[in-house]
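Q: Below you'll find the structure I mean.
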Amino acid sequence: MKKNLLTIVVSALLAAIFVLILFVFQVRQSEVAVVTRFGRPVRTQSEPGAFFRLPPGIESVYKLDQRIQSLEDPFTETLTADNNNLLTTVYVGWRISDAAAFFPKFKGGSVIDAERNLKEVVTQAKAAVVGKHPLSDFVNANPKDLKFDAIENEIKAILQEKIAANNSGIRIEYLGIKKIGLPESVTQAVFDRMTADRKKLADKLESEGLAEAQKIRSSADREAAQKISVAEGEARRIKGEGDAVAASYLPVFEQNPDLARVLLESEALETTLKERSILIFDSRTSPFNLLTGSFTNKLSK
Amino acid sequence: MDSGAQAMADALKSSFGIVKFVMSGLFIMFLFSGIFTVGPQEKAIVLQFGKPVGDGEKMLLGSGAHWSFPYPINEVIKIPITEVQEVRSRTQWFLQSAVQEAKGEIPYAGPTLNPAIDGYTLTADGNIIHAKATLRYHIDDPRRCVFDFAGKGTQQSFGLVGISNAVLNALDNALLHASGLTRVDDVLLDKIAFQDAVTRRVAKLVSEQKLGIIVDQCIVETRQPRQLDMAFQQVTDAGQKRGTALTEARSYRDKKMNEAEGNAVARINTAQSERNAMVAKIRGDASIFTDNLASYKRNPELFLQQHLVKTLGTAIAGVDYKMYLPTSADGKPIELRLNLNREPIKQGSNETKR
């Protein structure tokens, strides 16, 4: 009995596995399944899990990647509204939004086929939008005049319109400009202009530096002279104070001008004869007049 | 039952026994096949009938041994997730190999730029620069990052290639946008501000596109085209010359002002000293005058004589040469010849040459 029970259980398990393989299919988190019956799509399943199906031969299950796919269109040249040749590449994030519409459009729901088709549409939309804008909408120091985001939104809007008209079952998640450039022949002209600008800037820096240095020097000379002249004025004032004090003593000397003169003259004499002086005096000069009639005088007689 | 039938029955019985043994073994193997290990630089996500088990961080299984029902019940997805992810944008940079980049070598540049080979971007004033960036981020929403973004050629497989591409596209766009808004001198000289502008744009795109990541760091490098290195060097040199000229001028100003300050102070000090000396002298003179006035009034002639003699005596003591000329006997004037150049000329002295 026990042996029969084990056999029954194992047999039942094997049968269950067989049934699962034949009648059940799984949809993973990032997938959407398209179920066809005798080649005709009958339903789609986008929620993950296990689902019932009829055996192969009657129903077939095609699993499509529902994740956001990334594509870049070729680096193509377009004339802007102000006749500048501009090369651009945009990147697009897209995904399958309606598997039932997508599957019949592209053989076997091929993402590669869908991308090939989408690239052409993206390039057309891009050319249409770039041609409507001047170069200053792509590069501009004024944030209000820079139309970068607006250009991207315009391309995205045209793309979504065309996709919707085509009923491709695709949704554009995001779009952005990835790269811009100028034709090789134009870069030389840009380099020449940049070189001239740099030379102009270099000359300006040098001359500005010299002029500013000159200003600093002349300002320093002026301020120094002013400082000295102010100090000179102050020195005169201080000396004037001394003169005023000296003048205040004048009444003292006015008591006897003769005595005052003698004292001043004798002081001057002392000061004059202090250094490197030769003094020649004769017998009339006091106190040397005491030597008159002395031995030397007797000889000279 | 005859012997043949009996033998058949016995053979079938043993066969069934073997089959049962094999089936049991297969069943046990089936169960054990659910054991899996996750490496240190990996995380694992278990899909049960295609649906992830758990939410947010709980969805990710860390390193170690785990068990789940084997396929087709469960499916284990292993993803190489490190703490910090990194993408590098070189779309706006000139062609440079990884080896050259590591060594810091700048490859030779032709006269122009082929936009298909050498990447660059345009600044707000229509100039050309090269820019590259390295963005470091970590995954904030693993469900979004793993299950919503497909990389090229990764159909039916899971990983981080898709989200990495999406982040890289955002970074490329941010470099373009930031440079298109900034003048060439600001891009090249105010690198921090430019880097901040790129980081802000990336953060904005990450938020708008719901990429499920958090930006940790964005490092941006910019340079002028290699063809214009000399022209830009001229500007740098001119800037340095300007700086030198200004430094010298300021140094001259400091020296001049210090000298003037010293001179001014010296003049004032001299004036003060002279004033003080003058005041002290005049006071002294007044005092001498006052002290001698009474004596002078008593006998002016005698006072004068006395004072003169005293003065002469003091003065003569300090005189270098004193000569007494006696009166000639015949009363005629005496001729006196003097050699006034008394000091000998010193050999090699600049003072005497002056």
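The values are calculated or read from the model by the stated rules, or taken from the named source; none is laboratory data. This is a predicted model, so every value here is computed, not measured. Counting neighbours? That spans all protein chains shown, and the Cβs are built from the backbone with ideal geometry, glycine included.
Q: Does segment B:288-295 include one or more residues that are touching a Lys or Arg at 6+ places or on another chain (Cβ under 9 Å), within 7 Å of another protein chain (Cβ to nearest Cβ) and either over 30 Å from A:Q255 (Cα atoms) or not hydroxyl-bearing (S, T, Y) (or both)? Before you say what the answer is, go through the steps one by one.
A: Start the filter on segment B:288-295 by keeping residues that are touching a Lys or Arg at 6+ places or on another chain (Cβ under 9 Å), which leaves none.
Taking every residue of segment B:288-295 in turn, none turns out to be touching a Lys or Arg at 6+ places or on another chain (Cβ under 9 Å), within 7 Å of another protein chain (Cβ to nearest Cβ) and either over 30 Å from A:Q255 (Cα atoms) or not hydroxyl-bearing (S, T, Y) (or both).
Q: Next up: Looking at (1) at the interface with another protein chain (Cβ under 10 Å from one of its Cβ atoms); (2) within 30 Å of B:G212 (Cα to Cα); (3) crowded, with 22+ Cβ neighbours inside 10 Å; (4) touching a helix residue (DSSP H, G or I) at 6+ places or on another chain (Cβ under 7 Å), which is the one condition that is false for B:G151?
A: (3)
Q: Against the condition away from chain B (no Cβ under 12 Å), under 22 Å from A:V111 (Cβ atoms) and touching a helix residue (DSSP H, G or I) at 6+ places or on another chain (Cβ under 6 Å), how does A:T44 come out, does it pass?
A: Details: away from chain B (no Cβ under 12 Å): yes; under 22 Å from A:V111 (Cβ atoms): yes; touching a helix residue (DSSP H, G or I) at 6+ places or on another chain (Cβ under 6 Å): yes.
Spelling it out, A:T44 is indeed away from chain B (no Cβ under 12 Å), under 22 Å from A:V111 (Cβ atoms) and touching a helix residue (DSSP H, G or I) at 6+ places or on another chain (Cβ under 6 Å).
Q: Which of (1) within 7 Å of another protein chain (Cβ to nearest Cβ); (2) more than 19 Å from A:A260 (Cβ to Cβ); (3) of a type in the set (S, T, N, Q) does B:Q240 not meet, given it meets every other one?
A: Here B:Q240 meets the rest and fails (1).
Q: Still on this structure: Can you tell me which residue in segment B:54-72 is modelled with the highest pLDDT, limited to those that are within 26 Å of A:F18 (Cβ to Cβ) and loosely packed, with under 15 Cβ neighbours inside 10 Å? Spell out how you get there, then give the answer.
A: Of all residues in segment B:54-72, those within 26 Å of A:F18 (Cβ to Cβ) come to B:67-72.
Narrowing further to those that are loosely packed, with under 15 Cβ neighbours inside 10 Å: B:67, B:71.
Numbers: B:W67: 88, B:Y71: 76.
Ranking the candidates gives B:W67 first.
Q: Could you say whether any residue in segment B:91-104 is in contact with a Ser or Thr (Cβ under 8 Å, 6 or more places away or on another chain) and at pLDDT 90 or above? Steps first, answer last, please.
A: Let us first name the residues in segment B:91-104 that are in contact with a Ser or Thr (Cβ under 8 Å, 6 or more places away or on another chain), namely B:92.
Keeping just the survivors that are at pLDDT 90 or above gives B:92.
Scanning segment B:91-104 turns up at least one residue that is in contact with a Ser or Thr (Cβ under 8 Å, 6 or more places away or on another chain) and at pLDDT 90 or above.
Q: For segment B:26-58: of the residues being within 11 Å of chain A (Cβ to nearest Cβ) and part of a helix (DSSP H, G or I), which is nearest to B:S157 (Cα to Cα)?
A: B:F30
Q: Output yes when any residue across segment A:89-107 is surrounded by fewer than 21 Cβ atoms within 10 Å (Cβ to Cβ), among the hydrophobic types (A, V, I, L, M, F, W, C) and more than 16 Å from A:I163 (Cβ to Cβ), and no when none is.
A: Scanning segment A:89-107, I find no residue that is surrounded by fewer than 21 Cβ atoms within 10 Å (Cβ to Cβ), among the hydrophobic types (A, V, I, L, M, F, W, C) and more than 16 Å from A:I163 (Cβ to Cβ), so the answer is no.
Q: Would you mind finding the one in B:S207, B:S251 that is among the polar types (S, T, N, Q) and either farther than 30 Å from B:D141 by Cα or surrounded by 19 or more Cβ atoms within 10 Å (Cβ to Cβ) (or both)?
A: After ruling out the rest, the residue left standing is B:S251.
Q: Name the pairs whose Cβ atoms lie under 6 Å apart, with the first residue in segment A:177-203 and among the polar types (S, T, N, Q), the second buried (at least 16 other Cβ atoms within 10 Å of the Cβ), and 6 or more positions between them or separate chains?
A: Every condition considered, the pairs that remain are A:T187/B:T112; A:T187/B:L113; A:Q188/B:T112; A:T195/B:A231.
Q: Please give the number of the condition A:A220 fails out of (1) touching a Lys or Arg at 6+ places or on another chain (Cβ under 7 Å); (2) within 10 Å of chain B (Cβ to nearest Cβ); (3) under 30 Å from A:D65 (Cβ atoms).
A: (3)
Q: Residues that are more than 51 Å from the chain's Cα centre (by Cα) and aliphatic (A, V, I, L, M): does segment A:70-92 have at least one?
A: To start, the set of residues in segment A:70-92 that are more than 51 Å from the chain's Cα centre (by Cα) comprises none.
No, segment A:70-92 has no match at all.
Q: Something else about it: If you take the residues of segment A:128-150 that are facing another protein chain (nearest Cβ under 7 Å) and not aromatic (F, W, Y), which of them is nearest to the chain's Cα centre (by Cα)? Spell out the reasoning first.
A: Within segment A:128-150, the first condition is being facing another protein chain (nearest Cβ under 7 Å), and the residues that meet it are A:138-141, A:143, A:146, A:148.
From what is left, the residues that are not aromatic (F, W, Y) are A:139-141, A:143, A:146.
Details: A:V139: 15, A:N140: 14, A:A141: 12, A:P143: 14, A:L146: 17 Å.
Step by step, filter segment A:128-150, then rank; the result is A:A141.
Q: From the list B:T134, B:T91, which residue is within 30 Å of B:I214 (Cα to Cα), assigned to a loop (DSSP other than H, G, I, E, B) and among the hydroxyl-bearing types (S, T, Y)? Please lay out each step first, then the result.
A: Working: B:T134 fails: assigned to a loop (DSSP other than H, G, I, E, B).
The conditions single out B:T91.
Q: Another question, then. What is the number of the single condition among (1) part of a helix (DSSP H, G or I); (2) without any contact (Cβ under 8 Å) to a residue 60 or more places away in the chain; (3) more than 10 Å from chain A (Cβ to nearest Cβ) that B:E105 does not meet?
A: So the condition that B:E105 fails would be (1).
So that you can scan it fast, the table gives a plain yes or no per residue for (1) modelled with pLDDT under 85; (2) more than 20 Å from B:L26 (Cβ to Cβ); (3) surrounded by 13 or more Cβ atoms within 10 Å (Cβ to Cβ); (4) charged (D, E, K, R):
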site	(1), (2), (3), (4)
A:I8	yes, no, no, no
A:I17	yes, no, no, no
A:L20	yes, no, yes, no
A:F23	no, yes, yes, no
A:V32	no, yes, yes, no
A:V42	no, yes, no, no
A:G57	no, yes, no, no
A:Q69	no, yes, yes, no
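Q: Please verify whether segment A:224-244 includes one or more residues that are outside any helix (DSSP H, G or I), buried (at least 16 other Cβ atoms within 10 Å of the Cβ) and touching a helix residue (DSSP H, G or I) at 6+ places or on another chain (Cβ under 6 Å). Break it down into steps so the answer makes sense when it comes.
A: Initial filter on segment A:224-244 (outside any helix (DSSP H, G or I)): none.
No, segment A:224-244 has no match at all.
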